[in-house]
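Novice: Encoded as structure tokens, here's the structure I'll be asking about.
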Amino acid sequence: MCEPVSMVMMGVSAASSILGAEQQAQQAAAQQNQRAYQASYQTAVARNAAQVSEYNAQDAERRGAAEEARQRRKTSLLLGTQQARLAAQGSDLEGSPFDVLGDTAALGEEEALATRYQTAREAWAQRIQAASQSAQADFLTRSAAMPTGADPGLGIARSLLGGATDLFGIAEKRNLLPKPPGK
């Protein structure tokens, strides 16, 4: 028959296995909570960065429109100055003087369009960055929802089975297990 001490030892071993499983489940839950918090934080950071990039794109467009308008005003003033000088010289603003005014207008428009193009590129780059940051935020949101590592329930089951296996091993070594009939 089983000794009382052996039975107590088996009970203590089983209780120890259950406590170990509980601790493992608590640690797994704490790790999952920590991962979820980190993912939530990183998601918020990425979404904020995306919003800042969009604000920067809008700011670039506003600055570009203002610079383009400034360039056109500058060209208009230059054309007015040239016309006044040519008229003061007694030119009839045809032929060669007219070509000078046309070239000035063309160069001024080219500058304004170059400013528009540069602004569009800057805004586009900011929007690409915003889209990338939004995609990162979406990825982090999805990855936080997916469990990583071992399932706590599976860990508990493994711990209990391991504890039971240990108990049977101890009981077998001490010849505490019942013998099958015929042996």
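The values are calculated or read from the model by the stated rules, or taken from the named source; none is laboratory data. Every value quoted in this text rests on a predicted model; they were computed, and no experiment measured them. Note: ideal-geometry Cβ built from the backbone for every residue, glycine included; neighbour counts use all protein chains shown.
Novice: Could you say which residue among D92, D59, D138 is more than 30 Å from Q38 (Cα to Cα) and either touching a strand residue (DSSP E or B) at 6+ places or on another chain (Cβ under 9 Å) or part of a helix (DSSP H, G or I) (or both)? Don't jump to the end; show me each part of the working.
Specialist: On the way: D92 fails: either touching a strand residue (DSSP E or B) at 6+ places or on another chain (Cβ under 9 Å) or part of a helix (DSSP H, G or I) (or both); D138 fails: more than 30 Å from Q38 (Cα to Cα).
Result: D59 is the single residue among D92, D59, D138 that is more than 30 Å from Q38 (Cα to Cα) and either touching a strand residue (DSSP E or B) at 6+ places or on another chain (Cβ under 9 Å) or part of a helix (DSSP H, G or I) (or both).
Novice: Say whether the condition of being modelled with pLDDT of 65 or more and part of a helix (DSSP H, G or I) is met by at least one residue in region 148-165.
Specialist: Looking for residues that are modelled with pLDDT of 65 or more and part of a helix (DSSP H, G or I), one finds none in region 148-165, hence no.
Novice: Conditions first: (1) surrounded by fewer than 16 Cβ atoms within 10 Å (Cβ to Cβ); (2) modelled with pLDDT under 80. A65 passes all but one, so which condition is the exception?
Specialist: Tallying (1) surrounded by fewer than 16 Cβ atoms within 10 Å (Cβ to Cβ); (2) modelled with pLDDT under 80, A65 fails exactly one: (2).
Residue-wise test of (1) basic (K, R); (2) farther than 30 Å from W124 by Cβ; (3) surrounded by 15 or more Cβ atoms within 10 Å (Cβ to Cβ); (4) touching a Leu at 6+ places or on another chain (Cβ under 6 Å).
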{"site": "Y41", "(1), (2), (3), (4)": "no, no, no, no"}
{"site": "A44", "(1), (2), (3), (4)": "no, no, no, no"}
{"site": "N48", "(1), (2), (3), (4)": "no, no, no, no"}
{"site": "A60", "(1), (2), (3), (4)": "no, no, yes, no"}
{"site": "T75", "(1), (2), (3), (4)": "no, no, yes, no"}
{"site": "G80", "(1), (2), (3), (4)": "no, yes, no, no"}
{"site": "A88", "(1), (2), (3), (4)": "no, yes, no, no"}
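Novice: Among the candidates T115, T104, single out the residue that is in contact (Cβ under 8 Å) with a residue 24 or more places away in the chain and within 30 Å of A49 (Cα to Cα). Walk me through it before giving the result.
Specialist: On the way: T104 fails: within 30 Å of A49 (Cα to Cα).
Among T115, T104, only T115 is in contact (Cβ under 8 Å) with a residue 24 or more places away in the chain and within 30 Å of A49 (Cα to Cα).
Novice: Being buried (at least 16 other Cβ atoms within 10 Å of the Cβ) and not hydrophobic (A, V, I, L, M, F, W, C) narrows it down to one residue among Q118, Q126; which is it? Spell out how you get there, then give the answer.
Specialist: Working: Q118 fails: buried (at least 16 other Cβ atoms within 10 Å of the Cβ).
Matching residue, one of Q118, Q126: Q126.
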